[in-house]
Structure formats: structure tokens, C-alpha cells
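S.K.: What follows is a single structure, and I will ask about it in a moment.
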Amino acid sequence: MNPIISESSSFSIFARPLSKKLQGFLFVLPCLLMLLLVLGFPVVTAIVNSFSPIWSEVKTFTAENYIKLLRDELFWNSLKVTFIFVVSTVFLHHVLGMIVAVALNAELRAKRFFRLIAILPWTVPDVISGLIWRFMYNPTSGIINYLLIRSGATEQYIEWLASPNLVLPSIIFADVWRGYPFVMIILLAGLQAIPREQYEAARVDGASRIQEFIHITIPNLMRIIIIALALDTIWQFRRFGLIYNMTLGGPGHTSEILSLYIYKHYFKYLNFEYASAMAVVMAVLMIIISLPYIRMITRKV
Amino acid sequence: MKRRSGYRIVPYFILIIVCLYNIVPFVWMFSTSLKTEKEAYKIPPTFLPKEPTLESYDQIIVWTSFPRYFLNSTIISLGTALLSTFIGALAGYGFSRFHFSGRATLIGFILASQMLPGVLLVGPYFKMLVKIGLYNTYPGLIFAFTTITLPFSTWMLKGFIDTVPEELDQAAKVDGCSTLGAFLRIILPVIAPGMVATMIFAFLLAWGDLLWVLVLTSGDAMATVTLGLSRLVTQFRIIWPQLMAGSVIATLPPLVLYMLLQNSLVKGLTAGAVKE
Amino acid sequence: MSFKTTKWTILTLLLASFLLVSTAAFAGTPKETSEEAPEYVELVFSDWHLAEPHWEKALKEAFVIFEREHPNIKIKLDVVSYGEKETKYTTEIEAGVGPDVFHLHAYSIKSFIEKGYVYDMTPFVKAEGPGFTDAWYSQTIELMKKDGKYFAMPGDFMAMVLYYNKNLYREAGLDPARPPKTWDEFLEYAKKLTRDRDGDGKIDTWGFGTIGAIDPGFELRFTPILFSHGGSYLSKDNKCSALNTSEAMEAMKFFNDLVTVHKVVPPGVTAQNPGTVRQQMANEQIAMLLGSGWTPPIVDNNNPDLNALDVLEAAAVPVKAGTSPKFSTTAWLSAWMISPNTKHPEEAWELVKFITSKSMEEKWFKDARVLSSRKDVSGEYDELLSDKFAKIIAAELDHAKFVPQLKEWPQIIEAINTAAQESFTGAKSPKRALEDAHDRINGILSVYRTSSDKCPGF
């Protein structure tokens, strides 16, 4: 890692004669180089691969992988699962994150304590949270069924991860546990930046808490909410370790998200070319989805 | 007045429920790690261990290479945190202070690089590392993780630097600092809380990754904590107490880091992400 | 004021960690410091067995012997987990590096050969003289070959058998000396074994445990049921799925009904993998499972209190009543391969030859209770033939058939694995799930068919 650092410090010698524009560019250069050097070759390779015939030694140009993709019902299924997973987790991260952030922003005793606990799950790597939850969901030895049976809510062993109807909600529930705290701190940071006077003025006018929330909190937070939504959506799209460790996509294909399906084709079936085509489609989709956000940010600067 | 005091309880009520949701998995992880293997599989399960034992910790720490994994994870995660934060701060400064042409395009490009799925990159990246002799080394992994965290770091720190009045750098330059000198001596200390926030973020990402480490390392000497844990979940047996003991150990550093730095984290996010 | 202290704490922390990392990153990176030419050759050896303590120990002992016999060779171990080995080897070999010698199981041998991820051993095998490969069961040697060339040497070779817990048999009023011979009997036993043993009104012990997760272990547990019902996966020419036969349908329905109709399998079957099922066996939560030589030591390891080596018994896989199919079970096979990237093929061959030698295979049996693909071990070694588990496994080798060998196999078996999950969970009927798998497999195999070849429908 040192070459890049030393390169950037060496240009201080020439700093004076350089134009301001060039100086700015030099500050950005290490970041750009890093991304280009590390990502450039893999991206080009992937695109070339995606247009090559499957399992062939010679690379000739063909679009057959993309055509096959259109007819692959498992690909469409994984898109659907990904969509459900991303939309519901992002939505729940934000709803829960907002509720907790607002609660934490109130005048509270033991605020530091609550804030500490509220962020805790974020520190657990997603691979590990997959393991913990998998064991908690274990029908016979897991804590969740134990609590439900003890409290009389059910008599059956509920098969959380083994039932096609319950598996996605169960995974989403586990993911929300780990994922909402980060959204929550961003929102909390946003809440704390809202000037108190706005609330005081509203209170003088006799506004209720709910009116305050709708007319002051939400408009002030709009920008930060959009940013959090965008970041969270991108990260959830890429999520891999959690489901890899919880179900590996099962039962059936009911929890097979796109990144997992690509992984299977690449590393288990060794269909590199086909997997690359899927990954290219995934990248394009992500860029399209996040375009409004990128434009919003770049327009503001 | 009555209505107001009724409202006061609501946050507590919400927070207590949320705390339970947050805490139960931790308790379960910790309690399982203290159980014997047999007790962990009992039907019905026990919530707290009947005969708590540290045997699993002993097994993990003494009989596996866990200490080594721990060291590797620490080096890789700290390296990623430092590198991506430093480069991110440089770029953030460049974007914040200098209005060169193509700036918006560059920011868009940096943000868009986040959209590439890791599964796609890892194979070719590996080939590249082998060619330049960085395969199975710390820098190889640190570079990989840095590219994942860099967009976020850059964007966060740009936001943070935007909040620092430009007069500060100008004053430094009047005192004879070069641009870089002003950045290093004046800006970096001021944006420390923002850097803490991005460092924690980068640290957590590198600490928790499995796929890249799996592919980019070989043998026990370079394995990380998450990889070591995933090897405990073999086809042959899953020893939940050991696995949970390992998870407790693996969760500890990020947890401690976060507890020590939580004030800076919130402060950093407030300034970096919120202010325009 | 407090901000200032935080600031300094942070800066100090930063500086300290930066120093730590930069020294560690460069000094600590394990590098082969080979400035002077070493007097020995280093071979990197990779095997999932290194991830399990009792196997690791056995292998390390073997290498001590090897290094003593070959003072010019040093072995470096590269541990990998079972589920991740293909991911690791694929990337490494594609990039021109990787272990010199590695261990795979039949599941992916074919695809590795087709991808060119293995070294052509033919010259070495030929140099050993005619008759060298005669010591092995011919069907195992055949699987190592393509176009007459040798790409691997066979390692472990074991038939799948039925294991049962004789204490639980007795408790349920069954005779441990009379294991089930037919699937009807098996079902009857399983129902009796599924009980509430601690008297709290809830069932806590089940007759049978099996794998329903997406897992390479699924193949070994489903195939015996399919074969013993007279079914098979693919048509003889490997161009079409054969799941449309009534035999396959019957096998699938039987497998499914154990879970959904008779409920003799513990809840959560679609999340069970070989490890968790053996754990259930170790905890006496199930009374029977399908396994092989590796099963008793691992169960014993999981719960020493059970005294598994005594309490467990092995028997042949049951067959369909009134039939005596030629093949009633499937076989596990592993293979030793040399990487095409190795710089020391001769030494790598020495290692492969050593590890597959008669004496080492005998040692491997003693240490791990795993049978060999060598006839002179699995068919002749006294200790093996007198072992209560191994002798049954060895006898069943005659009734064991391999699953089809083609590079698309991982994808094909996963389609069937998925079908089983879909029927277990009630998402589809067993028939519908099998039908969908049939169509999917025919789709995968379509590359082998010309437009005039048509596969029979369901």
C-alpha cells in the first residue's frame, strides 16, 4: 500500500508551480488509480468472458450466454427473490431505523446506554450473523421455537428455514437485525442536525408530535433518507454471506438471490462464461437503479 | 400536560423492545458458547447453560490456529481501514476544494464502482495478484477491500471536509504550508471524527468478509477469523458451542472498537453525511 | 476540552496502528525466503481432511514417514474445507498457482479433467510397468481416465450402508440382530423408533435422519434409495434424464413420504447436512442413517458418551420387497490429483504413489476407518475384514454403482436435490418436483443431443 501513499506525498515538492486544477486532480488520483488498477482488469475480463462460448478454449464472440439467460427460469427466479429481499430489507431497515432514531433523539435517561445497544448488531459480520440465526432458527434445538412453545404460541416445531413460505421472512428478519442499526445512526445523525428552534416554533403553534414529524422532521431529513436508501439498496443487492451461511438458497430455490446463483454457476458448475453474463446484467441493473442517486449527488457538488 | 407525559414513556417502551431484539442473539451466542456439546443439542434447549464451561474457548484458542487468524484479521482490517480512509480523505479534499473539470463525472465513476458484484471480480483479480506476486499476502487483500470501501470513504469525507471553512487552509498557506502540508497538518486533525466513522466502516467490512479471503489466501498462515470459522462448519460436524465461542471472539474486536469510538462515529456521520 | 483529548487519542491510535500494520504487512507476510537454492523440493498438499483433527493427525503421521523416505522433499500443508475446495482449486489453478497435490471426490473429478485442471499422469503410470493399476478395482481406475490417459489415482472407495443404534432398537422392542431387509420393513421399524422417550408428550427421537439441504452429501443419501428401487438418473448414453420411469417415481415418493407422510424424520430436514444428521445420531435423536466408513468415528467424536463404536451397527441398504436388484447402493470415491501448474511433477507423483500405496491405505483404514479403492486392501487386509462395519461396507462394494460421470453432474444433482426440497416442503408434489427436475436435466444435457435426438417426456 505504500507506493501510492509515497507517490502522493512526493508531489508536494512540485506543489507550487502546479495549477489549482491539476492539484485537485492529483489529490483524487490515488483513489482513481486504486479503483482502475484493481477493478479494470477484472471488469474487462468479465465482459469478454460473458461474450465467449461456454466451456470453450477459444474466445470467439457470441451472445449465446445472454440469450440463454433470458430463457433461464432460475435466473428470473433469483431476480425475483433478490427483488423481494432487497425491497423488504431496505424498507424495514428504514422504518425500524427511523422509529429507533426518533426514540433515541427524545430526551431520555440512559441515552448512551440505549444508543450503545441499538448499534450493537451492526458490529457482527454478516457471515457470523448468518450462523447465529441459523442456530436460533433450528426447529428442535433453537431458541426461537423454544420461546414460542414455552409461551404457548405454538405446539409444533416451526421449520423456519425449511419451509418455502417462511424462509424469506426468516432471512429478512435476521438481516434486519444486523442491517437496521447503520441506517438508524445515519438517520439519528440527521435528526440531531435539525435546528431545535424549528420544533419550538411549531410547538408554540400547537402542533402535535405527529404533525411535527410530518412537517419538520421528514422534510429536513429528505436528503439523508435518499442517501441512506441508495447506499442500503446497493449493499443489500450485494449481500452474500448471510444467505450463503443460512440456507444456500434453499429450500428449492426460494431463497436463491442473484449473487448466490452467480456464485453457484461460477464456482460449483464452473460455467464461468455464463456466470459472467449474469454478473454483467446484475451490474447494469444496479447502475440503472442507482442512477438517480448518483445524479443527485453529482449534481449537488 | 398529561398528554405530554404519556408521550414520554413511548420512547422507553420502543427502545426496550428493540433492545430485546438486539440483545437476544448475543445472549444466545454467548450462552451456547458456554454449553457442552451435548447440552447445545438438547430438545428442548436450555436458555442458559446448566453447567457453564469454558472448554469451547479452550478448544478454539489452544487447539486451532485461531490466534493466528485473529492477528491476520486485525492486520488486514486495520490496513484496509487506514488505507481507504487516507486515500478517501485525499480524494475527498480534492473534490471538496478544487473545482476541476470532469469532477462530477469522476465522482459518479467512483460511486458506480460499488455496483460491481464481488463474485465477478474475485476470479480475475486473483489472476492479477498472482502475476504481480501479491497473492497470499496482506497487501493483496488490503487492496481488494480498499476498493470496496473507498467509494463510501471518499464520499463521506468529502462531505466532512465541505463543513470545514476554507479560511483554515488559507491561513495555513499564509503561514507557509504547501497545499499538501495544509491538508496533512490542518485538515486531517479537524476531520478526525469523520475518519473514525469511515475507518470503523472499512474495518467492519474487511473483518467480516469471507469470499475474498477464501479465494485470495492459501493455507492456514494467511487465514482470517471468518475463514477459520467457516472451516469449523464442515460437512463432517458442526460443533455449535465451539462455533459460537469463535463467533464471540470474532465479534469482540469490532464491538470494542465501536464502544471506544462511538461518540466519534456519531459525530463523524453527523458532519459527513448530513451537512451539505 | 473533551474534544481535544478525543482528538489526541484518535491520532495516537492512528499512528500506532499504522506502524503496526505497515511493519506487519511487510515483515509478517509469510514469504518463501528462497535466496539460496534450497536443497529440497517443497510440495504443497491440500486436502479437506486437514480440517478435521483426527484425519489431520493421520495424514501428518503419514507425511513424517514420507519425508523420511524422501529427504529431498518437504511437504507443506494447505487446509481447505470440504464445501469450499472446488472454489479454491478452481481459482488457483486458473491463475497458474495452487497446491501440487490435492484430493477431490467423484462429484467434480470429471469437470476438473475437462477443464484441464489436472496433470496427465499417464507417463508415470506407464513407467511403473504393466499391471501397476491391477491392484485397484477396475471401475475406480476407469473413472480416473479420459481418452485412455490417466489423470488421477483413486483413493477412498466405500459403499453406502445403513447404520442403526442398537440401544434404541431394543428400547423400541426391535431385534438389533435383524436389521430391515426391505424398505417396507425399514418403514415399519422407523415408525416404531419414532417416539417420545422422556415422557413430556412431545416426540424427541425419530426413526431416520437424512439430508435435505443443498449439499454434496445429498447425492450419497438419495442414490441408494433410487438404485435399490431399480431407478437411475440418466439414460444409458447420458443424453437424457431417466427420472420419468416408474422406479424413479416410486423412489422419490418413498423418500418424500418418510418426511411428509410418516414423519419418521426430525423436523427441518431441508436444513440438515451430513454433519447435523450425524450429530443427531450422536445425540440419539435419530436411530438410523445412511453412511459409510467415516460415520462411526465421527459420531463417536461428536459424543464420546454414546460409545458409538459399540452401539452402532451396520447393515446393507434395504431393497424393494420381492426384488433383488443388481445394484442397491452407491459408492463414495475420492481421487488424488496433481496440479497442471506443479513445478515438480516427479516429486508430486512420488507423493501420490506413496499415499495410495498398500501400506498407507492400510494405515488410513486403521486411523480413519475409511476403505480403499485398492483390492489388496479392501479385499484382503485382515483388520479391515474383521471390523464389524468395514466388512459390511466391503461386501456391499459389489452392489454399488457410481452416479453418472459427466462434467454437468454438479448441476444435475443439484436439480434433484432441489426437487427433493420442493417436495419435502410441500411446494410441489413429489411427482411434479421430479417432472420439473427431469425437464431441467434434459435442458442441461441438450448440448449433447442433435436435433433428431428426442428425450422421452415425463
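The values are calculated or read from the model by the stated rules, or taken from the named source; none is laboratory data. Keep in mind that what you see is a predicted model, and the values were worked out from it rather than measured. Don't worry about glycine lacking a Cβ; one is built from the backbone with ideal geometry, like all the others, and counts go over all protein chains shown. Areas reflect the complete protein model, heavy atoms only, side chains present, ligands, DNA and RNA absent. Shrake-Rupley method; radii C 1.70, N 1.55, O 1.52, S 1.80 Å.
S.K.: So what is the calculated 222 nm ellipticity per residue for the protein assembly as shown, using -39500 (n - 2.57) for each DSSP H run with n of 4 or more, over all residues, to the nearest 500 deg cm²/dmol?
M.R.: Working: 47 runs with 615 residues, N = 1035.
Calculated at 222 nm, the ellipticity per residue is -19000 deg cm²/dmol.
S.K.: Let me ask something else. If you take the accessible area of B alone plus A alone and subtract the pair, what total do you get in square angstrom, rounded to 100, with a 1.4 Å probe?
M.R.: 10200
S.K.: Note the buried accessible area between C and B here, summed over both chains, with a 1.4 Å probe, in Å² to the nearest 100.
M.R.: 4100
S.K.: Between 0 and 90 degrees, rounded to the nearest ten: what's the tilt of helix C:53-69 against the longest Cα principal axis of chain C?
M.R.: 50
S.K.: Continuing with this model, one more query. As I understand it, the value is the acute angle between the Cα axis of helix C:183-193 and the longest principal axis of the Cα atoms of chain C; what does it come to in degrees, rounded to 10?
M.R.: The helix C:183-193 is inclined about 80 degrees to chain C.
S.K.: Return the whole-Å distance between the Cα centroid of region A:113-143 and the Cα centroid of region C:250-276.
M.R.: About 28 Å separates the Cα centre of region A:113-143 from the one of region C:250-276.
S.K.: Another question, if that's okay. What trypsin sites (Lys or Arg not before Pro) in region C:224-267 are in a loop by DSSP, with at most 14 other Cβ atoms within 10 Å of the Cβ?
M.R.: C:Lys236
S.K.: Tell me whether region A:91-134 comes out rounded, prolate or oblate; compute the Cα gyration tensor, take square roots of the eigenvalues as a ≥ b ≥ c, and use a/c under 1.5 as the rounded threshold.
M.R.: oblate
S.K.: A further question follows. For an R0 of 45 angstrom, estimate the FRET efficiency from the Cβ-Cβ distance between A:Gln211 and B:Val190 and round to the nearest 0.05.
M.R.: According to the calculation, E is roughly 0.70.
S.K.: If you don't mind, there's one more thing I want to ask. For chain B, list the DSSP H helices whose alpha carbon atoms reach 27 Å or more along the long axis and whose average Kyte-Doolittle value is -0.5 or above?
M.R.: Helix filter hits for chain B: B:2-33, B:66-97, B:138-162, B:240-269.
S.K.: Tell me the per residue accessible area of chain A using a 1.4 Å probe; a whole number in Å² is fine.
M.R.: I get 41 Å² per residue for chain A.
S.K.: Rounded to whole Å, give me the distance from the Cα center of region B:194-248 to that of region B:41-58.
M.R.: So the two Cα centres are separated by 23 Å.
S.K.: Tell me, what is the FRET efficiency for C:Ser138 and B:Ile61 to the nearest 0.05, using R0 = 41 angstrom and their Cβ-Cβ distance as r?
M.R.: 0.25
S.K.: For chain C, the longest stretch holding no GluC sites (Glu not before Pro) located in a DSSP loop with at most 15 other Cβ atoms within 10 Å is which?
M.R.: C:129-379
S.K.: Just to be sure I understand: if you take the accessible area of chain C alone plus chain A alone and subtract the pair, with a 1.4 Å probe, what total do you get in Å², rounded to 100? Don't jump to the answer; show the numbers that get you there.
M.R.: Numbers: alone 20910 and 18840 Å², together 36950 Å².
Rounded to the nearest hundred, the buried surface is 2800 Å².
S.K.: Over region B:55-274, give the accessible area per residue in Å² for a 1.4 Å probe, as an integer.
M.R.: 26
S.K.: Additional query: Could you tell me which helices of chain A pass both thresholds, a Cα extent of 20 Å or more along their own axis and a mean Kyte-Doolittle hydropathy of at least -1.0, with helices taken as whole DSSP H runs?
M.R.: Qualifying helices, which must be both long enough and hydrophobic enough, are A:20-50, A:73-105, A:167-192, A:218-238, A:272-300.
S.K.: Every cysteine in the protein assembly as shown with no other Cys Cβ under 4.7 Å from its Cβ, please list them in numeric order.
M.R.: Cysteines lacking a close Cβ partner in the protein assembly as shown: A:Cys31, B:Cys19, B:Cys177.
S.K.: Follow-up. Over the protein assembly as shown, with every protein chain in place, what whole percent of the accessible area is carbon and sulfur at 1.4 Å, could you tell me?
M.R.: Accessible surface attributable to carbon and sulfur in the protein assembly as shown totals 61 percent.
S.K.: Starting from the 7 Å offset along Cα-to-Cβ, what nm value, one decimal, do you get for the label separation of A:Ile218 and C:Ser386?
M.R.: Each label point lies 7 Å from its Cα, and together they span 8.3 nm.
S.K.: So what is the accessible area of chain C per residue, in Å², with the probe set to 1.4 Å? Intermediate results must be reported in sequence, preceding the final value.
M.R.: Working: 17550 Å² over 458 residues.
Value for chain C: 38 Å² per residue.
S.K.: Taking trypsin sites (Lys or Arg not before Pro) as exposed when DSSP calls them loop (any state but H, G, I, E, B) and at most 14 other Cβ atoms lie within 10 Å, what is the longest stretch of chain A free of them, the sites themselves excluded?
M.R.: Answer from the scan: A:110-301.
S.K.: Going by the alpha-carbon gyration tensor, a ≥ b ≥ c the square roots of its eigenvalues, is chain B rounded (a/c under 1.5) or, if a/c is not under 1.5, prolate (a/b greater than b/c) versus oblate?
M.R.: oblate
S.K.: For the protein assembly as shown, report the convex hull volume of the alpha-carbon atoms normalised per residue, in Å³, without decimals.
M.R.: 184
S.K.: Right, next: For chain C, take the longest principal axis of its alpha carbons; what is the angle in degrees between that and the long axis of helix C:2-23, to the nearest 10 within 0 to 90?
M.R.: 90
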